[in-house]
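Written below as structure tokens is the structure these notes are about.
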Amino acid sequence: MWKLVEHWFGQHTHEACGRDDGANCRLTSHGSPSRPFESYQPGEEENIFLNPVFSRAQHFLDAAHAKHAANPTIAITAVVPAWDDLTLDGWTIAHTWPTGTEVFQHPNGDTAGPLHWPVHVLRLEAAHIDTVPDTH
């Protein structure tokens, strides 16, 4: 899944949902319970990846949306369950994997097994703000 998502959206700069020891992260810049995403201050034009514990998906989607609203130069990719009770306002559904698809892998490369429900890949794109030259 990681290679495919990076193929679609480019290299990510921060992985928001990792373990404290980083064992499940692919990036050195990552969040964890001791370094929560809510405290992370993204720089200009960052490309953030979220794959939260599904029971906390809405919490992370809301936090990501707030970060994007505060800094529209960032882009955010989120992998979350396709559950009807999630609010996806402002997010683009880039892809949906159906139930039964094997997309997740353990850090050792073994498959984590088939999906128990559909999973969305969501995207908040960075705003491309062109500056107008000062004519005065």
In 5 Å bins starting at zero, report the fraction of Cα pairs in the stretch 1-62 per bin as a rounded %.
4, 17, 29, 27, 19, 4
Cα pairs beyond 25 Å in the chain, in percent, come to 25
Just from its helices, what would the mean residue ellipticity at 222 nm be for the chain, if runs of 4 or more DSSP H residues each count -39500 (n - 2.57) and the sum is divided by every residue, rounded to the nearest 500 deg cm²/dmol?
-5000 deg cm²/dmol
Quick check: residue separation of L27 and D85 times 0.36 nm, minus the Cα distance between them. What number comes out in nm?
17.9 nm
Any idea how far apart E102 and E45 come out in nm if each label point goes 7 Å out from Cα toward Cβ?
3.9
If one takes the longest principal axis of the Cα atoms in the chain, at what angle in degrees, from 0 to 90 and to the nearest 10, does the Cα axis of helix 57-70 lie?
10
Work out, step by step, the length gained on full extension between E38 and M1: first 0.36 nm times the residue separation, then minus their alpha carbon distance; give nm to one decimal.
10.9 nm
Could you give the size of the charge dipole of the stretch 13-136 about its Cα centre, using +1 on the Cβ of each K and R and -1 on the Cβ of each D and E, expressed in debye and rounded to the nearest 20?
300
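Rule-based calculations on the coordinates, nothing more; no lab input. What you see is a predicted model; the values in this text were computed from it and never measured. FYI the Cβ positions are ideal-geometry reconstructions off the backbone, even for glycines, and counts take in every protein chain you see.
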